[in-house]
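Each value in this text was obtained by applying a stated rule to the coordinates, not by laboratory testing. Just so it is clear, the model here is predicted, and its values are computed rather than measured. So basically every Cβ, Gly included, is an ideal-geometry build from the backbone, and we count neighbours across all protein chains shown.
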Amino acid sequence: MPPHNTAAPLSLSSLTVYASRIQAEVQFAPDVPRMSSPELIRQILAKYPHIADHACVNEYGERFADVMNHTSLAHVLEHMVIDAQVRMTQQALEQAAQQGIDVSQHKDTFVGTTEWINKAAGVARVQVSFADDLVALAAFRQATDFLNDLLQAETSESARS
Ligand SMILES: [Zn+2]
């Protein structure tokens, strides 16, 4: 048996804030699948229920649901980050509205792109727009942690069977 790999399945090797977008480089650990599976997506939908309805430019349709069961995990991460940003932004807006602040002009739709930099080496680039950079960074962290928890559970299960 090879020693258990304790490195996270996915890591954000760099995270750069630009004026209109945040760009992350996602590094896959060597033994981590590059692509999603219906089982993994089912578990993600339990916590990120809106990703299926996201607008998404892909070769099969206009929704993320059209590709989510068989797409790169970096693309899944992109939509999880957007979903987390929407959720965090809505919570902040509700709090602001309760304090009497006018939030009607606030933007709460986000867009993103994902591309492989080097698929063989497991390096992808994810870019998402943001309204608040701290919210976006927190969303990246939350989404990556959640995806890693699922991938680690999957790996230890297949090692047992
Ligand atoms: Zn997409």
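Tabulate in residue order the Karplus-calculated ³J(HN,Hα) for the stretch 141-148, using 6.51 cos²θ - 1.76 cosθ + 1.60 with θ = phi - 60°, rounded to whole Hz; enter x for Gly and Pro.
Each residue of the stretch 141-148 in turn: 5, 4, 5, 5, 4, 5, 5, 4 Hz.
Check M35: other-chain or 5+ apart residues with amide H under 5 Å from its amide H, H built from backbone geometry?
L73
With θ taken as phi - 60° and the coefficients 6.51, -1.76 and 1.60, list the Karplus ³J(HN,Hα) couplings across the stretch 35-43 in order, rounded to whole Hz; mark glycine and proline as x.
The phi angles translate into 10, 6, 9, x, 5, 5, 4, 4, 5 Hz.
Can you tell me the length gained on complete extension of the stretch E25 to E157, counting 0.36 nm per residue apart and subtracting the Cα distance?
Here the answer is 44.8 nm.
In the chain, once you exclude exposed GluC sites (Glu not before Pro) (DSSP loop, at most 12 other Cβ within 10 angstrom), what's the longest stretch remaining? The partial results should precede the final answer.
Details: sites that count: E59, E62.
Between exposed loop sites, the widest span is 63-161.
Mind checking the stretch 76-147 for trypsin sites (Lys or Arg not before Pro) that DSSP puts in a loop (not H, G, I, E or B) and that have at most 15 other Cβ atoms within 10 Å?
Of the trypsin sites (Lys or Arg not before Pro), the ones in loops of the stretch 76-147 whose Cβ has at most 15 other Cβ atoms within 10 Å are K107, K119.
Residue farthest toward the positive end of the dipole of the chain, with Cβ of Lys/Arg at +1 and Asp/Glu at -1: which of Q91, V135, F28?
Of the options given, the answer is F28.
Quick check for me: using +1 on Lys/Arg Cβ and -1 on Asp/Glu Cβ, what's the dipole size of the stretch 10-145 about its Cα centre, in debye to the nearest 20?
Rounded to the nearest 20 debye, it is 220 debye.
Could you please rank L151, L15, placing first whichever residue has the fewest other Cβ atoms within 10 Å of its Cβ? Could the numbers behind the result be given before it?
Values: L151 19, L15 16.
If I rank by nearby Cβ atoms, fewest first, I get L15, L151.
In sequence order, what are the phi-derived ³J(HN,Hα) couplings for the stretch 22-33 according to the Karplus relation 6.51 cos²θ - 1.76 cosθ + 1.60 with θ = phi - 60°, rounded to whole Hz, with x for glycine and proline?
Using θ = phi - 60°, the values come out as 10, 10, 10, 9, 9, 9, 8, 5, x, 9, 8, x Hz.
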